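Read through the structure below, which is laid out as structure tokens, and then see the notes.
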Amino acid sequence: MITDMIENDKVKKILYGGDYNPEQWPEETWEEDMRLLKLAHIDVVTLNVFSWASLQPEEDVYHFEKLDSIMEMVHRHGLKVCLATSTAVHPAWMARKYPDILRTEFNGMKRKFGGRHNSCPNSRTYRKYAPALAAKLAERYRDYDNIVAWHISNEFGGVCYCENCERRFREWLKEKYRTIEEVNRVWDTAFWGHTFYDFDEIVTPNLLSEHFAPDRTTFQGISLDYRRFNSESILDCYRLEYDALHAVTPDIPITTNLMGTFPDLDYQMWAKYMDFISWDNYPANDTPIEETAMRHDLMRGLKQGKPFALMEQTPSVTNWLPYNALKRPGVMRLWSYQAVAHGADTVMFFQMRRSTGACEKYHGAVIDHVGHEHTRVFREIAELGAELEKIGSLTLGARTDAKAAILFDWDNWWAAGYSAGPSINLRYCDEILNYYKAFHNLNIPVDIIGVEDDLSGYALVAAPLLYMVKSGHDEKLRSFVQNGGHFLTTFFSGYVDEHDLVTVGGYPGRLRDILGIWVEEEDALPEDAANRFTYGGITYPAVLICDLLHTEGAESLCSYEKDFYKGMPVLTRNRFGKGLAYYMAARSNADFYRRLIGDICREAGIEPIIGQLTETPGLIEVTKRRNQNGTFLFFLNHDTEEHEIPLNCAGTDILTDTDYRAGDLMKLNAKGTAIILVRE
């Protein structure tokens, strides 16, 4: 995180600011921008995100004069800088002179210059000039004491299927599998006579070969490996720039802005090569609050719970949705504090000043087209900026102490999406969110972790839709449960290994002994169909997938009540060593998940932040962070009406300086936030 990486006292508060593009404006507006940003309490700007074309107008010509002026100006006005490398968009001359840099689309179409993410990650041209520019930027600005971070490229993503990538894919496969015989084994190419005799016979899996839709492929193993390869190829490009920057400025932390539940890149692998996590949060106005919270927690989990940077959000409105509704008064502040509540040590925006042309000219900004401070959005920005100055360094570096975790894995996501059944409505992130909402609504802190993370600090690990069980991961889960942990997984789990090859011998494969069950079949229900079961005296629906399973030592907690599998278990619990392993054989509804998670948490000794495993009134969100300054309780009212919250501790609201005693009722206005520093 930024506050860990910088040791020269550059950061003393939650950084507040965001993307600033003065090169898009005449210089006479720059000083006025400085006045307005100061009024808004902005203290950091992200510069140079899309300037490659102006910095390098010809192959051997670089012009840094305008960037020099901008860097001098923001330094003079006391602004900190997150300095980007500009490599998200290559210059037009580069595409004309070196067409190998252009991507090929999923349908085999070769791109021309245009758009944004249009550089082939395996182009020698791109891999030459991108890190070269990064190195020149590092050399030129290495002595600026206001640079708090490097920002490589911008929102990496996309997939390329060109000849560069095809050649490199073959090399990647040789490095990974060594022999063509092993490739044939892990891809099961005996099916449909797909046997390869030489690596040169392997082609990229797209509409010209294995695919008949973006997420429908005849050979899942091939397509899965290409997803891995593409993610690593783009990561290699990031690392080339990282190495160039780090060689010159080793004390300045380096990041790139991630995008939450983004499918193209394995962020858990990427996180190993990022000094701190940063991400761009752009929920729609009707996005469930739990979904945004889940993405914050996913980003926090990439660095084992360390705080992250909120690199971008809109101050008011986006420009790409079907209906680009305004953020209502108070929502920008509320969503900013939601990020802080889940682990952010920065609050940043795209953008500082609204552009006048192209596709983002109507995207929100701190400074609107009118060009002055007398707007609703500017007033809200300035008010939040003043509050963040008041908070100062109090919450910096604070961590979330969670005893429950949800397992999330990009490989598993990709494989489940390619699975060719059992249901077109089966979506990995939906199943993760179903269980996350239960923890969230019960005020139970939860980490989102990967398969490589340590489990020893948790009392409960939930792994919805753990379709892929990689070699060794079952041993980690087995040890966790044997040593007293509680484990929960669901239908369509334990089916395949890391190559997407079915683990024979009965589902759920390597998890069978831990769970004490055998799944014989699964019934995929249409959207208008449902079975049902009764748990705790209440009847709940069983939808989407209904596993038909037999117990092998596990206890059946409830059973199906319809169809030919009436009486077969829906929910099982197995005593395994000192711990317990649960299996939920169907999708149900939010009421059931809250009931189930509440019961398991009580059994595991996991307590909520406030309350007794009951929901807080209305749309109230509660989180807890802790650092050397103490424990902070965040209360966020996403509702449109005021609520009173009973406090189970004494403390002071650091936003209003209001003191509370244990048992007091705290009034929380509509869209309001309170941050209570607990008196221990």
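The values are calculated or read from the model by the stated rules, or taken from the named source; none is laboratory data. Everything numeric in this text was worked out from a predicted model, so none of it was measured. For neighbour counting, all protein chains shown are included, and Cβ atoms are generated from backbone atoms with ideal geometry for every residue, glycine included. When the accessible area is computed, the model is the full protein with side chains, heavy atoms only, and any ligands, DNA or RNA have been set aside. Shrake-Rupley method; radii C 1.70, N 1.55, O 1.52, S 1.80 Å.
Below, the figures for the structure above:
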quantity: Some residue of the range 319-329 being part of a loop (DSSP other than H, G, I, E, B), over 20 Å from the mean Cα position of the chain (by Cα) and surrounded by 18 or more Cβ atoms within 10 Å (Cβ to Cβ); calculated: yes
quantity: Residue in the range 333-347 that is part of a loop (DSSP other than H, G, I, E, B), within 30 Å of residue 676 (Cα to Cα) and open to solvent by less than 20 Å² (accessible area, probe 1.4 Å) present; calculated: yes
quantity: Those strands (runs of 3 or more DSSP E) lying entirely in the range 560-636 with at least 1 residues surrounded by fewer than 17 Cβ atoms within 10 Å (Cβ to Cβ); calculated: 569-576, 620-627
quantity: Flag if residue 286 is at pLDDT 95 or above and either in a helix (DSSP H, G or I) or surrounded by fewer than 24 Cβ atoms within 10 Å (Cβ to Cβ) (or both); calculated: no
quantity: Residues that are under 20 Å from residue 626 (Cα atoms) and of a type in the set (Gly, Ala, Ser), drawn from the range 654-680; calculated: 662, 674
quantity: Test: residue in the range 175-188 that is over 31 Å from the mean Cα position of the chain (by Cα) and crowded, with 18+ Cβ neighbours inside 10 Å; calculated: yes
quantity: Search result, residues across the range 434-472 that are part of a helix (DSSP H, G or I) and surrounded by fewer than 21 Cβ atoms within 10 Å (Cβ to Cβ); calculated: 434, 437
quantity: Conditions (1) open to solvent by 60 Å² or more (accessible area, probe 1.4 Å); (2) within 30 Å of residue 185 (Cα to Cα); (3) part of a loop (DSSP other than H, G, I, E, B); (4) touching a Gly at 6+ places or on another chain (Cβ under 7 Å): number failed by residue 510; calculated: (3)
quantity: Residue count, the range 481-497 (criterion: aromatic (Phe, Trp, Tyr), in a strand (DSSP E or B) and over 24 Å from the mean Cα position of the chain (by Cα)); calculated: 0
quantity: Checking residue 69 against (1) touching a residue at least 12 places away in the same chain (Cβ under 8 Å); (2) in a loop (DSSP other than H, G, I, E, B); (3) surrounded by fewer than 16 Cβ atoms within 10 Å (Cβ to Cβ), the condition it does not meet; calculated: (2)
quantity: Search result, residues across the range 538-552 that are of a type outside the set (Val, Ile, Thr) and open to solvent by 70 Å² or more (accessible area, probe 1.4 Å); calculated: 552
quantity: Residue selected from the range 424-433 under the condition under 16 Å from the mean Cα position of the chain (by Cα) and not charged (D, E, K, R), by the criterion surrounded by the most Cβ atoms within 10 Å (Cβ to Cβ); calculated: 428
quantity: Residues satisfying the stated conditions in the range 105-125, i.e. over 16 Å from residue 53 (Cβ atoms), in contact with an Asp or Glu (Cβ under 8 Å, 6 or more places away or on another chain) and open to solvent by less than 40 Å² (accessible area, probe 1.4 Å); calculated: 120, 121, 123
quantity: Filter result for the condition that a residue is open to solvent by less than 10 Å² (accessible area, probe 1.4 Å) and either aromatic (Phe, Trp, Tyr) or in contact (Cβ under 8 Å) with a residue 12 or more places away in the chain (or both), over 208, 137; calculated: 137
quantity: Some residue of the range 642-652 being surrounded by 13 or more Cβ atoms within 10 Å (Cβ to Cβ), in contact with a His (Cβ under 7 Å, 6 or more places away or on another chain) and either at pLDDT below 95 or under 21 Å from residue 400 (Cα atoms) (or both); calculated: no
